[in-house]
Amino acid sequence: MSKEQISGADALMRSLHEEGVDIVFGYPGGAALHIYDAIFNQQHIEHILVRHEQGAVHAADGYARSSGKPGVAIVTSGPGATNAITGLATAFMDSTPVVVISGQVKSNLIGTDSFQETDMIGISRPIVKHSFLVQRAEDIPSIIKKAFHIATTGRPGPVVIDVPKDLTDPEYKFDFDYPKGVDIRSYKPAKEGHSGQIKRAVKLLLEAKKPVIYSGGGVIQDNASSELTKLATLLDFPVTNTLMGLGAYPGTDQKFLGMLGMHGTYEANMAMHNCDLILAVGARFDDRITNNPDKFSLSAKKIHIDIDPASLSKIIDIDVPVVGSAKECLDQIIEELGVQSHKIDHDKLKPWHEEISAWKEAHGLNHKLLDQKPTGGKILPQQVIQSLYKETKGEAFITSDVGQHQMFAAQYYFFDKPRRWINSGGLGTMGFGLPAAMGVQFAFPESDVACVTGEGSIQMCIQELSTCLQYGLPIKIINLNNAALGMVKQWQDMNYGGRHSSSTYEDSLPDFVALAESYGHVGIKVKKHEDLESAMKECFALKDKLVFLDVDVDPNEHVYPMLEAGMSMEDMHLSKEIKTW
Amino acid sequence: MKRTVALLMENQPGALSRVVGLFSQRGYNIESLIVAATEDSSLSRLTMTTTGDQKVIEQITKQLNKLIDVVKVLDLGESDYVERELLLVKFLHESVNKEVIKELNGEIVFENNELLNIQFVGTSKELDQVLKDLESSNPLEIVRTGASGISSNLKTLTI
Ligand SMILES: Cc1ncc(C[n+]2csc(CCOP(=O)(O)OP(=O)(O)O)c2C)c(N)n1
Ligand SMILES: [Mg+2]
């Protein structure tokens, strides 16, 4: 059979199709024009035109996080490529499978400071899992194959493919042949955990009297939620999730302690500090969790399961490190526990569960704020999240931006399923929420998708409202409007004598309702507590419309609990007045 | 603590910058670095000396291993190994005593009536001493390659 001769640009699109890609997010420009013509000439892949390349990468990222499939973005050289950088860094910090294809100037112009030339490989190097500069058009299929393999396996991460314009020239054609498999000699991620380590881990699990399971984004990435839940049930262990891990364990379950860390619940942080065993799965002991590593959970033995060997004993010394995929390793542990099931003793954990319940009783989050009329007159941001939870019955996909609103969403919305909570945990990128929500809505056109944001963050990628109009995306934007960079202001209140240096802009905010309307969407303003629930209802009743729900919330509210810097996990501010130390 | 780490990487553009970039990105030191192609033209071998405690070295080797272009990493300090470095020094004739050079195991590799180029080979530590001993001879120029190393057992850094 004679092979078909096609151009590099067509080969690129064909290769993406071979990888199962059916949607890409992008923005055209000179160096990418051959690619854009190839996009025009095919039917399999839909191209979504964003309004800023940052939006393209975040949208691809949101698509990937919610669906578990890799997200793809296409940008042009120079400014297109540099605009994609924040998106890449965001994906890198949260280990999400995103492939960014950037146009590059023609090969013979590289290095000459030619128009719209930028060293994309160089600029993106520290924030990608890997990158490729295509050197021959014929290499495009095999590079795409490798790129998707690298982005989606092991510890996932973003991959850049930089394509000089001459290599996508429609005049130059070659035999297209998509590789069946891929073999990279220097890249063989582990799957199964070492059986000796699994046995050691099981021994500690069976001995523990005060255990905690601390799980992170890795469990979600690896689709290991059911294994995690099974293990926790089998052992009757309490579970806490990181900001990235919410939804990996059912948020409404009795044994769930809520989120841990910087703004974690009192009971989760107390349990971490006072336990005798931590089973960490797909989490990385970062500084937002451990607080001062020298004071971190000193009496606990630690088991750490992670796909990335470099995460083990990086910050905290681990007693039993296990390299492998969360799913496989949890399965191995469950299997081994099956053999030793006679040694499982729920009774001995009773005092520990009681201790935890007492903590929760004393200082747990108040999840019944919604009906209380706020004393200061202003709606509390927590109430908005509770109303959102109530209205969506906990079933919505929630994306978020960065700030107080993000923490309130993480604390007060219960996620019972994985991949429902989509936020920039590692990089903390304001502007992520709306474009990420677009990606989610494309992956799940029939589902409710809400973006919990702040009036600061939403303005960082507000231009995507236009994209949402073009493609009819009925996203619900829930703006917790405190007329300030609330999280910054909170830090200034707590650590800088209340000096609000450049964190307020009350008199220069746009009329968000009018703004939404000018983009052809619906805007609703809520100022009073009694209007909140009906507005929320109306918002979700407008099934086919993007609704911008702009809620004025109490600008003086702080996020608590909050860990005190430099101290241990049990040292928390619980309110403006109360601290635990 | 000084450590020598050797690695094999794909002989491809960009591979070296990923390795070097990793060091600055993660705040590790590079004291010296040597790279050259190997007998297998698809691979380059890189040897670097760095400083750090055991935990840092472990992180360095793990992070290096994570780079897709890095095929294999060996922390030479894990077992016995031989380290060698080349030192070239230039002197004016009148300032140097050939007897001293001989005592220090130096080899004259170039000479004219004005100046001499002398080569020394040894461990980095030995060469530090050589340079101290040569201070009074006022060297005009000094150049060191940085250390290279090979393990002195059956463990090999090959694929
Ligand atoms: C791109 C970017 N710039 C700056 C910051 C630092 N930062 C973190 S939270 C925050 C305030 C966010 O304000 P807003 O979106 O209104 O949320 P709020 O805290 O008021 O709920 C800022 C400026 C960031 N995370 N991202
Ligand atoms: Mg705000």
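Of the conditions (1) surrounded by fewer than 18 Cβ atoms within 10 Å (Cβ to Cβ); (2) more than 23 Å from A:Phe285 (Cα to Cα), A:Asp319 satisfies every one except a single condition; which number is it?
(2)
Kindly establish whether A:Gly30 is open to solvent by 10 Å² or more (accessible area, probe 1.4 Å) and on the phi > 0 side of the Ramachandran plot.
Against the criterion (open to solvent by 10 Å² or more (accessible area, probe 1.4 Å) and on the phi > 0 side of the Ramachandran plot), A:Gly30 does not qualify.
Any idea which of (1) open to solvent by 80 Å² or more (accessible area, probe 1.4 Å); (2) within 14 Å of chain B (Cβ to nearest Cβ); (3) touching a helix residue (DSSP H, G or I) at 6+ places or on another chain (Cβ under 8 Å) is the one A:Lys360 doesn't satisfy?
(2) is the only condition that A:Lys360 fails.
Looking at the structure I just gave you, is A:Arg51 among the charged types (D, E, K, R) and either assigned by TED's automatic domain parsing to the domain that holds A:Ala436 or surrounded by 23 or more Cβ atoms within 10 Å (Cβ to Cβ) (or both)?
no
If A:Ala565 satisfies every condition in (1) free of Cβ contacts under 8 Å to residues at least 12 places away in the same chain; (2) in a loop (DSSP other than H, G, I, E, B) but one, which is the exception?
With respect to (1) free of Cβ contacts under 8 Å to residues at least 12 places away in the same chain; (2) in a loop (DSSP other than H, G, I, E, B), A:Ala565 is out only on (1).
Residue by residue through the stretch A:466-497, note down the ones that are open to solvent by 20 Å² or more (accessible area, probe 1.4 Å), under 22 Å from A:Asp554 (Cα atoms) and more than 16 Å from ligand 1 (Cβ to nearest atom).
Listed by number, the list holds a single entry, A:Gly497.
Quick one: what pairs do we get from the stretch A:222-245, first residue within 15 Å of A:Leu349 (Cα to Cα), second among the small types (Gly, Ala, Ser), C-beta under 6 Å, 6+ apart or different chains?
Taking only residues 6 or more apart or on different chains, the pairs are A:Val239/A:Ala232.
Could you list all residues from the stretch A:448-457 that are of a type in the set (A, V, I, L, M) and either within 14 Å of chain B (Cβ to nearest Cβ) or within 16 Å of ligand 2 (Cβ to nearest atom) (or both)?
If the condition is that a residue be of a type in the set (A, V, I, L, M) and either within 14 Å of chain B (Cβ to nearest Cβ) or within 16 Å of ligand 2 (Cβ to nearest atom) (or both), then A:Val452 is the only one that fits.
Give just the number: which of (1) under 19 Å from the mean Cα position of the chain (by Cα); (2) of a type outside the set (Gly, Ala, Ser); (3) surrounded by fewer than 23 Cβ atoms within 10 Å (Cβ to Cβ); (4) within 16 Å of ligand 2 (Cβ to nearest atom) does A:Cys461 not satisfy?
(3)
Starting from the stretch A:444-458, take each residue that is away from ligand 1 (no atom under 15 Å from the Cβ) and list its partners that are among the acidic types (Asp, Glu), counting only C-beta distances under 8 angstrom and pairs at least six apart or across chains.
From the stretch A:444-458, the pairs are A:Ser447/A:Glu395; A:Asp448/A:Glu395.
With the checklist (1) closer than 30 Å to A:Thr86 by Cβ; (2) open to solvent by less than 60 Å² (accessible area, probe 1.4 Å); (3) hydrophobic (A, V, I, L, M, F, W, C); (4) within 15 Å of ligand 1 (Cβ to nearest atom) in hand, flag the one item A:Ile379 doesn't pass.
The number of the failed condition is (1).
Going by the conditions given, is A:Thr265 among the polar types (S, T, N, Q), away from every other protein chain (no Cβ under 14 Å) and touching a strand residue (DSSP E or B) at 6+ places or on another chain (Cβ under 6 Å)? Explain how you work it out, then say what you get.
On the way: among the polar types (S, T, N, Q): yes; away from every other protein chain (no Cβ under 14 Å): yes; touching a strand residue (DSSP E or B) at 6+ places or on another chain (Cβ under 6 Å): yes.
When the stated conditions are applied, A:Thr265 passes them.
I'd like the full set of residues that are within 11 Å of chain B (Cβ to nearest Cβ), under 15 Å from A:Val99 (Cβ atoms) and open to solvent by 30 Å² or more (accessible area, probe 1.4 Å), limited to the stretch A:128-152.
A:Lys129, A:Leu133, A:Lys146, A:His149
Just to be sure before I move on: is A:Cys468 out of contact with any His (no Cβ under 9 Å at 6 or more places or on another chain) and either under 30 Å from A:Val239 (Cα atoms) or more than 14 Å from ligand 2 (Cβ to nearest atom) (or both) in the structure I sent?
no
Please go through the stretch A:445-468 and give me each residue that is of a type in the set (S, T, N, Q) and in contact with a Pro (Cβ under 9 Å, 6 or more places away or on another chain), ordered by number.
Hits for the stretch A:445-468 are A:Gln459, A:Thr467.
Taking the stretch A:192-216 on its own, how many of its residues are basic (Lys, Arg), in contact (Cβ under 8 Å) with a residue 60 or more places away in the chain and closer than 15 Å to A:Lys343 by Cα?
Number of matching residues: 3.
Of a type in the set (Ser, Thr, Tyr) and open to solvent by 70 Å² or more (accessible area, probe 1.4 Å), is that true of A:Ser299?
So A:Ser299 fits the description; yes.
Among the residues of the stretch A:410-443, which ones are within 14 Å of ligand 1 (Cβ to nearest atom) and either not assigned by TED's automatic domain parsing to the domain that holds A:Ala484 or not in a helix (DSSP H, G or I) (or both)?
Passing the criteria: A:Asn423, A:Ser424, A:Gly425, A:Gly426, A:Leu427, A:Gly428, A:Thr429, A:Met430, A:Gly431, A:Phe432.
Residues that are surrounded by 20 or more Cβ atoms within 10 Å (Cβ to Cβ): list the strands (runs of 3 or more DSSP E) wholly contained in the stretch B:1-119 that include at least 1 such residues.
Of the strands (runs of 3 or more DSSP E) lying wholly inside the stretch B:1-119, those with at least 1 residues that are surrounded by 20 or more Cβ atoms within 10 Å (Cβ to Cβ) span B:2-10, B:43-51, B:70-75, B:81-92.
Taking the stretch A:430-447 as the search range and keeping residues that are more than 16 Å from ligand 2 (Cβ to nearest atom) and in contact with a strand residue (DSSP E or B) (Cβ under 7 Å, 6 or more places away or on another chain), which one is most open to solvent (accessible area, probe 1.4 Å)?
Selected residue: A:Phe444.
With the requirement that a residue be over 27 Å from the mean Cα position of the chain (by Cα) and within 23 Å of A:Ala484 (Cα to Cα), what does the stretch A:524-553 give you?
Once the filter is applied, which keeps residues that are over 27 Å from the mean Cα position of the chain (by Cα) and within 23 Å of A:Ala484 (Cα to Cα), the stretch A:524-553 yields A:Ile524, A:Lys525, A:Val526, A:Lys527, A:Lys528, A:His529, A:Asp531, A:Leu532, A:Ala535.
Would you mind finding the one in A:Asp552, A:Asp544 that is outside any helix (DSSP H, G or I), open to solvent by 70 Å² or more (accessible area, probe 1.4 Å), more than 30 Å from A:Ala268 (Cα to Cα) and at pLDDT 95 or above?
Only one candidate passes the filter, namely A:Asp544.
Which of the following residues is open to solvent by 30 Å² or more (accessible area, probe 1.4 Å), out of contact with any strand residue (DSSP E or B) (no Cβ under 7 Å at 6 or more places or on another chain) and part of a helix (DSSP H, G or I): A:Lys537, A:Lys576?
A:Lys537
So which residues in the stretch A:111-122 are surrounded by fewer than 20 Cβ atoms within 10 Å (Cβ to Cβ) and either more than 19 Å from A:Glu53 (Cβ to Cβ) or within 11 Å of another protein chain (Cβ to nearest Cβ) (or both), if there are any at all?
Selection gives A:Gly111, A:Thr112, A:Asp113, A:Ser114, A:Asp119, A:Gly122.
The values are calculated or read from the model by the stated rules, or taken from the named source; none is laboratory data. Everything numeric here is computed off the predicted structure, so don't read it as measured data. Glycine gets a Cβ as well: all are built from the backbone with ideal geometry, and neighbour counts include every protein chain shown. In case anyone asks, the SASA skips ligands and DNA or RNA and just uses the protein heavy atoms, side chains included. Shrake-Rupley method; radii C 1.70, N 1.55, O 1.52, S 1.80 Å.
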